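Here's the structure we're looking at; comments come further down.
The values are calculated or read from the model by the stated rules, or taken from the named source; none is laboratory data. Nothing here was measured: the structure is a model prediction, and the numbers come from that model. Virtual Cβ from ideal backbone geometry, glycine too; neighbours counted across all protein chains shown.
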Amino acid sequence: MKRTKGILMTLFCLGLLAGCAGATKEAKEQTPAAAEDTQSQSVEETADSDQEVKDSTAADTDNAADDATDKTTDEAADADTENSLAGTGVFTPVERKPLENLEKTGENSFTCSFEGVQHDFILDLPEVTEGAPLIVMLHGYGQSAEMMRGNVHMEETALPKGYGVVYVTGATDSSDSTSSTCWNSEVSENQNNDVGFLVSLVEHLKTEYGFDGEKVFAAGFSNGAFMMHRLAMDAQDVFCAVASVCGKMPQKLWDRRNGENTVGVLQISGEKDELIPKNMDGSAKHAVDPAIEDVMQYWADSNGIQNSEESSIGKKSTILKYGDESGRCVWSVMVMGGHHSWYDESLTGIDVNGLILDFYEAQQ
């Protein structure tokens, strides 16, 4: 019996020792794993922290880059706005040439040719031509000198004030032999030298009748009004001021516009004239040619005119006058409700012929 108890006690002790050994072994095996997990967690947390720093730094860099880009874009936009009206062209006088085949065809009507292109003109003379101012009148597309004279009658207003008036007929577009008479305002591929012709015509009339070379003006309607902007750009050594009724500046002319000018420009536009691009009604956004408001601002800026004043004229219409002590004037009239026409005073309250002469007289 005692022997049995001894054996059982021995077995119990051996089992206790085995259990302790197993526990020690398990603890030894688990400790490295736990350490490895702790180390791994620490590395991951450090990596996450580094990544956050990198992400934050990258975000700050991106934001800084975006801010710099936005600033550069804004500055570029401001520069574009500031320089959008500036021109890079330089005025160069055109060559004068003698008129060819000049003949008188009526009491005050003539025909001639220039560089092989035929033109007719009607000349209304004041009582005294020596030292008198001269107005060159240009018709719209498909019209003629006779038609414009019959519609406008500038001579009735101008002759009593001592002005001479010459109405001139254009020619067919050299790039389209089937087209009607028109002027090469650079609205098409027309190659007729109309600037050279008009300059040469003025030289002939100055020589023949003694008109004052310092007081030569021009006025035109529609296509003839487009031509006003070209004469102001290319013949300002001859024409000291021009008046454009329902005209615009063609894009090709705008692209090569002069940086500086010394010429007066009057623009009379109709609020509802769909042919003339305007900022006021958004039509310029979809047009090839520049907005007439930008064109007139260009004429003022390029003439070095700083001051402007807007007032009412006629029946709810407006006139914006640019002018200062520099000498030249730039005026822009917007006829409320006006369409594409030489405006009737009874409808608009504006005497167009009288306004044009007032504009000429305002030039210094």
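Looking across region 336-354, the residues that are surrounded by 16 or more Cβ atoms within 10 Å (Cβ to Cβ) and among the aliphatic types (A, V, I, L, M) come down to 336, 350, 352.
Annotation: residue 102 fulfils all but one of (1) outside any strand (DSSP E or B); (2) at pLDDT 95 or above; the unmet one is (1). Which ones in region 237-259 are within 16 Å of the chain's Cα centre (by Cα) and of a type in the set (D, E, K, R)? Answer for region 237-259, where residues must be within 16 Å of the chain's Cα centre (by Cα) and of a type in the set (D, E, K, R): 248, 252, 255, 256, 257. Close Cβ contacts (under 8 Å, 6 or more residues apart or on different chains) running from residues in region 170-197 that are within 24 Å of residue 239 (Cα to Cα) to residues that are surrounded by fewer than 22 Cβ atoms within 10 Å (Cβ to Cβ) and among the basic types (Lys, Arg) comprise 186/252; 187/252; 196/96; 196/97.
Here 131, 106, 140 are screened, and the one residue that is farther than 24 Å from residue 352 by Cα, among the small types (Gly, Ala, Ser) and surrounded by 12 or more Cβ atoms within 10 Å (Cβ to Cβ) is 131.
With respect to the stated conditions, residue 247 is part of a loop (DSSP other than H, G, I, E, B), touching a residue at least 24 places away in the same chain (Cβ under 8 Å) and in contact with a His (Cβ under 7 Å, 6 or more places away or on another chain).
Within the span defined as region 237-249, every residue fails to be surrounded by fewer than 24 Cβ atoms within 10 Å (Cβ to Cβ), at pLDDT 95 or above and among the basic types (Lys, Arg). Yes or no: residue 201 farther than 18 Å from residue 141 by Cα and either among the small types (Gly, Ala, Ser) or within 22 Å of the chain's Cα centre (by Cα) (or both)? No. Can you work out which of the residues in region 305-338 that are under 20 Å from residue 249 (Cβ atoms) and part of a loop (DSSP other than H, G, I, E, B) is modelled with the lowest pLDDT? Filtering region 305-338 for residues that are under 20 Å from residue 249 (Cβ atoms) and part of a loop (DSSP other than H, G, I, E, B), the one modelled with the lowest pLDDT comes out as 328. The set of residues in region 119-141 being in contact with a helix residue (DSSP H, G or I) (Cβ under 9 Å, 6 or more places away or on another chain), in a loop (DSSP other than H, G, I, E, B) and touching a residue at least 60 places away in the same chain (Cβ under 8 Å) consists of 125, 129, 130, 132, 133, 139, 140, 141.
Per-residue answers, yes or no, for (1) within 17 Å of residue 300 (Cα to Cα); (2) in contact with a Ser or Thr (Cβ under 6 Å, 6 or more places away or on another chain); (3) of a type in the set (A, V, I, L, M, F, W, C):
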| site | (1), (2), (3) |
| --- | --- |
| 216 | no, no, yes |
| 221 | no, no, yes |
| 224 | no, no, no |
| 231 | yes, no, yes |
| 245 | no, no, yes |
| 262 | yes, no, no |
| 277 | no, yes, no |
| 284 | no, no, yes |
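Can you spot a residue in region 320-338 that is over 27 Å from residue 182 (Cβ atoms), touching a Phe, Trp or Tyr at 6+ places or on another chain (Cβ under 6 Å) and not β-branched (Val, Ile, Thr)? Yes, region 320-338 contains at least one residue that is over 27 Å from residue 182 (Cβ atoms), touching a Phe, Trp or Tyr at 6+ places or on another chain (Cβ under 6 Å) and not β-branched (Val, Ile, Thr).
Among residues of region 194-225 being in contact with a helix residue (DSSP H, G or I) (Cβ under 9 Å, 6 or more places away or on another chain) and within 18 Å of residue 100 (Cβ to Cβ), the one that is surrounded by the fewest Cβ atoms within 10 Å (Cβ to Cβ) is 195.
For region 250-304, the set of residues classified as under 17 Å from residue 320 (Cβ atoms), assigned to a helix (DSSP H, G or I) and in contact (Cβ under 8 Å) with a residue 40 or more places away in the chain consists of 292, 294, 295, 297, 298, 299, 301, 302, listed by residue number.
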